[in-house]
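This report refers to the structure that appears directly beneath it.
The values are calculated or read from the model by the stated rules, or taken from the named source; none is laboratory data. All figures in this text were calculated on a predicted structure; none of them were measured in a lab. Cβ placement follows ideal geometry from the backbone for every residue including glycine, while neighbour counts extend to all protein chains displayed.
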Amino acid sequence: MRNLLVSGFIAVAAAAPAFAQDVTVTGNIALTSDYAFRGISQTTEAPAVQGGFDVAFGGSGLYVGTWASNINFPGYGGANMELDVYGGYKFAAGPVAMDIGVLGYLYPSADDDVGGDLDFYEVYFKPSIALSSQFTLGGNISYSPDFQNETGDAWYYEVNGAFVASPELSFSGAVGMQNVDTPGFFGGEDEYTTWNVGGTYSAAGLGFDLRYVGTDVDNVPIYDDRVIFSIKKVL
């Protein structure tokens, strides 16, 4: 699956310029006290260095991108890196902004014979609407036909919102629910709820984010509620 996702990413990137003349490339780099994916620490509550780039093809709405982070998955054959590749299409349906695409989660350093196959992909649908000049309400529906560790069909549902208090300060939060076919995969559960709320302050070309993250899974440290601090730079 890893080769298929990378090949598809390259194919989309090569074909997309035919739809638009202008290509915009942006990059980002971040340092965070913990990498939490849907409330679950991917670094056993240790810091992470992250970064990636995005390519937007003019007014076509097409985009592709990639992103990477260090991880720590004990028992998975030395899995210490996550590499994401994605591509999608953004468009407007009246007042609603639509974003549909495919995202592949790849773990190049993992040994599939130790712990199982970590690689998987999701298709996603992310609508959002600006309710005012300051407040945006959004959602996320993601589906994987074979989730991490070959655990079968998985769905993720999320409602999120963002409030821009000033050009420098914004607040955001989300509540989501993740499920999977395999019983007990998430700390003894086959589904769980996750949430986060926090604020971002921009200064000196950097974004400083302080966020409270949690899940309803008990007695598993990587699911515990925690406060995460991140510093991000858009290049």
Checklist line | The lone exception for Trp195 - which of (1) farther than 17 Å from Phe37 by Cβ; (2) within 17 Å of the chain's Cα centre (by Cα); (3) not basic (Lys, Arg) it fails | finding: (1)
Next item on the list: Please work out which residue is farthest from the chain's Cα centre (by Cα), limiting yourself to region 169-181 and to residues that are more than 15 Å from Thr215 (Cβ to Cβ) and crowded, with 16+ Cβ neighbours inside 10 Å.
Entry: Ser170
Check: So Ser202 clears everything in (1) under 22 Å from the mean Cα position of the chain (by Cα); (2) assigned to a loop (DSSP other than H, G, I, E, B) except one condition, right? Which one?
Finding: (2)
Margin query: Quick check on my filter: what residues within region 149-189 are within 17 Å of Val123 (Cα to Cα), of a type in the set (Asp, Glu) and part of a strand (DSSP E or B)?
Written below: Glu158
Checklist line | Residue, farthest from Phe186 (Cα to Cα), within region 155-168, restricted to residues that are hydroxyl-bearing (Ser, Thr, Tyr) and surrounded by fewer than 18 Cβ atoms within 10 Å (Cβ to Cβ) | finding: Ser166
Checklist line | Sole residue being at pLDDT 95 or above and part of a loop (DSSP other than H, G, I, E, B), chosen from Asp209, Asp146 | finding: Asp146
Checklist line | Single match in Ala110, Ala130, Ala92 (criterion: of a type in the set (Gly, Ala, Ser), modelled with pLDDT of 95 or more and either closer than 28 Å to Phe147 by Cβ or surrounded by 13 or more Cβ atoms within 10 Å (Cβ to Cβ) (or both)) | finding: Ala130
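Per-residue answers, yes or no, for (1) buried (at least 18 other Cβ atoms within 10 Å of the Cβ); (2) modelled with pLDDT of 95 or more:
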{"position": "Ser7", "(1), (2)": "no, no"}
{"position": "Gln21", "(1), (2)": "no, no"}
{"position": "Val25", "(1), (2)": "no, yes"}
{"position": "Gly58", "(1), (2)": "no, no"}
{"position": "Ala68", "(1), (2)": "no, yes"}
{"position": "Phe73", "(1), (2)": "yes, no"}
{"position": "Val85", "(1), (2)": "yes, yes"}
{"position": "Ala97", "(1), (2)": "no, yes"}
{"position": "Ile100", "(1), (2)": "no, yes"}
Notebook entry, point to check: Val85: more than 21 Å from Gly176 (Cβ to Cβ) and either of a type in the set (D, E, K, R) or part of a strand (DSSP E or B) (or both), yes or no?
Noted result: yes
Item checked: Residue check, Ile231 surrounded by 16 or more Cβ atoms within 10 Å (Cβ to Cβ) and out of contact with any Pro (no Cβ under 8 Å at 6 or more places or on another chain) -> no
Item checked: Residues located in region 90-114, provided they are small (Gly, Ala, Ser), touching a strand residue (DSSP E or B) at 6+ places or on another chain (Cβ under 6 Å) and in a strand (DSSP E or B) -> Ala97, Gly101, Gly104
Next item on the list: Kindly indicate which of Gly116, Gly152, Gly205 is surrounded by fewer than 17 Cβ atoms within 10 Å (Cβ to Cβ) and touching a helix residue (DSSP H, G or I) at 6+ places or on another chain (Cβ under 7 Å).
Entry: Gly116
